[in-house]
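The structure appears right after this line, and notes come after that.
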Amino acid sequence: MVRVVCFIRPHRLEPVKSAIAALGITGLTVSDVRGTGNSRQEASRQSRWDPVISMPIKARIETVVSEELKEPVIQAILENAQTGESDDGFIFTEPIFDAVRIRTGERGELAA
């Protein structure tokens, strides 16, 4: 299993959610977050004397999928979140070693 976490522009949330749902994935966590990346382009725009760091609002989407669905999910996010402009966001993946559904005690992919 793999956790896919992405940070995208809020106005791209609905198309991304729809694309992920079209893959048959129904388990999503979505939250509004603030943050900034560490890209060189952003750093060069700021004066070295300017202590203010912009913290734009982003949508965070998180889901746990099988290894086979990892790349289709990434592609769905890219195709629906990408505008080609700075601050489009990030996608992170990480392995999930186990999952346990509290109500039933199911483990592994059955629980996720």
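The values are calculated or read from the model by the stated rules, or taken from the named source; none is laboratory data. Keep in mind that what you see is a predicted model, and the values were worked out from it rather than measured. Positions of Cβ are backbone-derived with ideal geometry, glycine not excepted, and every protein chain shown enters the neighbour counts.
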key: Criterion: surrounded by 14 or more Cβ atoms within 10 Å (Cβ to Cβ), touching a helix residue (DSSP H, G or I) at 6+ places or on another chain (Cβ under 6 Å), at pLDDT 95 or above and in a strand (DSSP E or B) - qualifying residue of A76, A59, A19   = A59
remark   = Exactly one of V65, V52, V30 is exposed (fewer than 11 other Cβ atoms within 10 Å of the Cβ) and either at pLDDT 95 or above or more than 17 Å from H11 (Cα to Cα) (or both), and that residue is V52
ask   = Which residue pairs have Cβ atoms closer than 7 Å, lie 6 or more positions apart in sequence or on different chains, and pair a first residue in region 79-106 that is free of Cβ contacts under 8 Å to residues at least 40 places away in the same chain and in a loop (DSSP other than H, G, I, E, B) with a second residue that is surrounded by 12 or more Cβ atoms within 10 Å (Cβ to Cβ) and of a type in the set (A, V, I, L, M)?
value = R101/A111
message = Here is a check on your reading of the model: is G108 on the phi > 0 side of the Ramachandran plot, surrounded by 12 or more Cβ atoms within 10 Å (Cβ to Cβ) and more than 16 Å from the chain's Cα centre (by Cα)?
response = yes
